[in-house]
1. Being of a type outside the set (A, V, I, L, M, F, W, C) and either in a loop (DSSP other than H, G, I, E, B) or at pLDDT 85 or above (or both) is the filter here, so list the residues in segment 185-200 that pass it.
2. If I ask for residues that are surrounded by fewer than 18 Cβ atoms within 10 Å (Cβ to Cβ) and either of a type in the set (S, T, N, Q) or under 20 Å from LEU82 (Cα atoms) (or both), which ones from segment 210-223 would you list?
3. Go through segment 85-139 and report how many residues are in a strand (DSSP E or B) and closer than 23 Å to GLU66 by Cβ.
4. Is at least one residue of segment 204-225 part of a helix (DSSP H, G or I), closer than 21 Å to GLY130 by Cα, touching a Ser or Thr at 6+ places or on another chain (Cβ under 9 Å) and at pLDDT below 80?
5. With respect to ILE175, is the statement that it is in contact with a helix residue (DSSP H, G or I) (Cβ under 6 Å, 6 or more places away or on another chain), within 18 Å of GLY111 (Cβ to Cβ) and part of a loop (DSSP other than H, G, I, E, B) true?
Amino acid sequence: MKENNTMIKVDNVSMRFSLGIEKGFSLKQGFIDFFDFRKRKAKKERRKKNEFWALKDIDFEIKNGEVVGFIGGNGAGKSTLLKIVAGVMKPTKGHIDVYGNICPMIELGAGFDSQLTARENIYLNGAVMGYSKELIDSKFDEIVDFAELRDFLDVPVQNFSSGMVARLAFSIATIVEPEILIVDEILSVGDIAFQAKSEAKMLNMIGGGTTVLFVSHSLEQIKKLCDKVIWIDHGKIVKQGGKEICDEYLEFMKEK
């Protein structure tokens, strides 16, 4: 049940991955393993050794309208956590309650068909995000102009640079203002001018009351955009609080 103005509640979430490569299962091998205790035990120990816990016992709550920044080094578990909140991945343990529609801007352009043109991908990607054809029709010019790709509408996306793909994906994702926006390093897309434009768009969405989860390696962006910060290291929350967490994290990194 939703409490007060809670938008997201993460309760004891853990995520496990297997780093090992298991042989394909066969009925014959399964029969042999069943009667060979030592093989079963060795296989179990090998599987346990190859386990990697990307997240361990994560707990936090986000209120309506909060802009929360997630900081930590590479491999800390930040992006994995965002994917779980977005519903892209299911946690191994724990559960997440989300109250509101989500727009996840993670791995921009991943849903594009590289052989289709930009025009075709606008409708394809929009449909994947749940937008109706009528909505895309009404927002088409806005998407194209924001992405600055009008001269490339009928060019296959496979001929685009990574920056052009990201600009197009960002423009499609932000044509509506969702209740919850999940952002993974989005403000680094495109050139300096487009970064400024995408940041202004983000600030406008934040000003409109959108709840935002934001991952970035730029502490300056985190300080500028966020009013709450969660520091993750090796899959665990180290600290959560205000912007002062950024300074504590910076000191920690200097001392490493």
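1. Passing the criteria: GLU185, GLY190, ASP191, LYS197.
2. Filtering segment 210-223 for residues surrounded by fewer than 18 Cβ atoms within 10 Å (Cβ to Cβ) gives 217-218, 220, 223.
HIS217, SER218, LYS223, listed by residue number.
3. Within segment 85-139, the subset in a strand (DSSP E or B) is 93-98, 102-105, 117.
From the residues that got through so far, the ones that are closer than 23 Å to GLU66 by Cβ too are 94-98, 102-105.
Residues that pass the stated criteria total 9.
4. We begin by selecting, within segment 204-225, every residue part of a helix (DSSP H, G or I); these are 204-207, 219-225.
So of that shortlist, the ones also closer than 21 Å to GLY130 by Cα come out as 205.
After this cut, where a residue has to be touching a Ser or Thr at 6+ places or on another chain (Cβ under 9 Å) as well, the list is 205.
Within this subset, residues satisfying the condition of being at pLDDT below 80 are none.
Within segment 204-225, none of the residues are part of a helix (DSSP H, G or I), closer than 21 Å to GLY130 by Cα, touching a Ser or Thr at 6+ places or on another chain (Cβ under 9 Å) and at pLDDT below 80.
5. Values: in contact with a helix residue (DSSP H, G or I) (Cβ under 6 Å, 6 or more places away or on another chain): yes; within 18 Å of GLY111 (Cβ to Cβ): yes; part of a loop (DSSP other than H, G, I, E, B): yes.
Yes: the conditions hold for ILE175.
The values are calculated or read from the model by the stated rules, or taken from the named source; none is laboratory data. None of these values were measured; they are calculated from a predicted model. As a convention, Cβ positions derive from the backbone with ideal geometry for all residues, glycine included, and neighbour counts pool all protein chains shown.
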